[in-house]
Amino acid sequence: MKRLRAFLYVQHLLGIGHLARSSRIAAALVDDGFDVTVVTGGAPIAGFPGPGVKCVTLPPVTSGDEGFSGLVDLQGKPIDDDFKKRRSEMLLQAFRDCRPDIVIVEAFPFGRRQMRFELLPLIDAIDATSPRPLLATSVRDILQERVKPGRNEETVDLVNRHFDLVMVHGDPTFATIDKTFPLAGAIRAEVTYTGLVAAPPPPAATERFDVLVSVGGGAAGRSLVSSTIAAARNANHGWKWCLITGPNLPEDEFDVIAGDATPGLSVFRFREDFASLLTGARLSVSQAGYNTVCDVLRAGCRSLLVPFAAGGETEQTARALMLEELGLATMLMEKDLTPEGLAQAIEQALVGPRPSAHRLDLEGAHHSAQILRERYRTWSLRL
């Protein structure tokens, strides 16, 4: 059997969610026998994209602020046309070197419009290649809702002109793409649901906490961090608290936070065993990012979600509301996040019922590899 070559592009700008999900898919592709090249364009994160893949690292860019208003380099300097040209040429060279059978572009054109300067030339190169590789877009089940006129129409046009497959990483019994993308019915490319891309079941916890607070990558979530420190200081229950600030929090800010911690609060920048810790926690407190929610669902613990909503972001709020409706989490709106509000929400969540049983499909990474292999087989027969 021919060993298929897959070329996966992922750009993380603020948190690490996009990179983590794509890395799980890349690992599943490797397990399925694919030869995998992953192109990353964000700040380097230890452990990602993981073993077994060829990795091409473009000159890193990140978001200038929580509102995704502009691209900057790691020193915070806005990137210029020369920087963009250099990245675009590196991406095209990586594509030519890989000679892939399948190209997977994470988020675009449903998101990552900021990267059009390099993704549109890549798509042109794909279209000009013979035999042309299959082109898939890899997207979350819940999308950021667009408010600017014409954006959704532009997305549909790009998908219909260039893409062969839209892989939606969700369980359709939980969320379908039309819930947050109103023009889904106009997409002519095949739309397929993979299930949620969760990590494999973790080992049991070796350490137990009453309240486990996590802030994803740490680039957004300072108010949750500061509210946690104050809530833990004022608590008189004898609870064991754990706060994981995320690897992106600046070192000097982490040092201040660690210095402010009371004896009952353990503070960490990162825990490789985070998923295991969830299995032993009485309550998880987190934002409502895709990957964290997958970890919480996998662990089956009580969950209080404080969805990230800065800069007009809608995705996490939509996810948290849907999970609360299913009895799988409780929610505290970011605008209501104060030390007192957080403490009250934690107390209510801890005395509430454990989350109701769910049957959401969490095997999206494995299914993604199966889907891509099968779609390539049927697609290549038509060439």
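A few points about this structure:
- Number of the condition not met by Val139 [criteria: (1) within 21 Å of Arg5 (Cβ to Cβ); (2) at pLDDT 95 or above]: (1)
- When the test is whether a residue is β-branched (Val, Ile, Thr), modelled with pLDDT under 95 and either surrounded by fewer than 20 Cβ atoms within 10 Å (Cβ to Cβ) or closer than 29 Å to Ala189 by Cα (or both), Ile45 passes it.
- Helices (runs of 4 or more DSSP H) enclosed by the stretch 276-351 - at least 1 residues per element that are without any contact (Cβ under 8 Å) to a residue 60 or more places away in the chain, among the aliphatic types (A, V, I, L, M) and surrounded by fewer than 21 Cβ atoms within 10 Å (Cβ to Cβ): 315-325, 339-351
- Boolean, Ser63 is surrounded by 14 or more Cβ atoms within 10 Å (Cβ to Cβ), within 26 Å of Gln144 (Cβ to Cβ) and touching a strand residue (DSSP E or B) at 6+ places or on another chain (Cβ under 8 Å): yes
- Top-ranked residue in the stretch 1-29 [being hydrophobic (A, V, I, L, M, F, W, C), free of Cβ contacts under 8 Å to residues at least 40 places away in the same chain and open to solvent by less than 40 Å² (accessible area, probe 1.4 Å); ranked as farthest from Gln75 (Cα to Cα)]: Ala26
- Of residues in the stretch 153-188 being within 14 Å of Ile123 (Cβ to Cβ) and of a type in the set (S, T, N, Q), the one least open to solvent (accessible area, probe 1.4 Å): Thr155
- You will find that of Val213, Val256, Val197, the residue that is at pLDDT 95 or above and over 30 Å from Ala136 (Cα atoms) is Val213 and no other.
- Residues in the stretch 1-47 that are over 15 Å from Gly289 (Cβ atoms), among the hydrophobic types (A, V, I, L, M, F, W, C) and assigned to a loop (DSSP other than H, G, I, E, B) were compared, and the one that is farthest from the chain's Cα centre (by Cα) is Met1.
- Total residues in the stretch 226-256 satisfying the condition of being out of contact with any helix residue (DSSP H, G or I) (no Cβ under 6 Å at 6 or more places or on another chain) and either open to solvent by 60 Å² or more (accessible area, probe 1.4 Å) or not in a loop (DSSP other than H, G, I, E, B) (or both): the figure is 17.
- The condition (being under 23 Å from the mean Cα position of the chain (by Cα) and among the hydroxyl-bearing types (Ser, Thr, Tyr)) is satisfied by just one residue among Thr129, Thr180: Thr180.
- Odd one out for Ile104, checked against (1) surrounded by fewer than 21 Cβ atoms within 10 Å (Cβ to Cβ); (2) closer than 17 Å to Arg21 by Cα; (3) aliphatic (A, V, I, L, M): (1)
The values are calculated or read from the model by the stated rules, or taken from the named source; none is laboratory data. Predicted model, so just to flag it, every value in this text is computed and none were measured. Positions of Cβ are backbone-derived with ideal geometry, glycine not excepted, and every protein chain shown enters the neighbour counts. These accessible areas exclude ligands, DNA and RNA; they are computed on the full protein's heavy atoms, side chains included. Shrake-Rupley method; radii C 1.70, N 1.55, O 1.52, S 1.80 Å.
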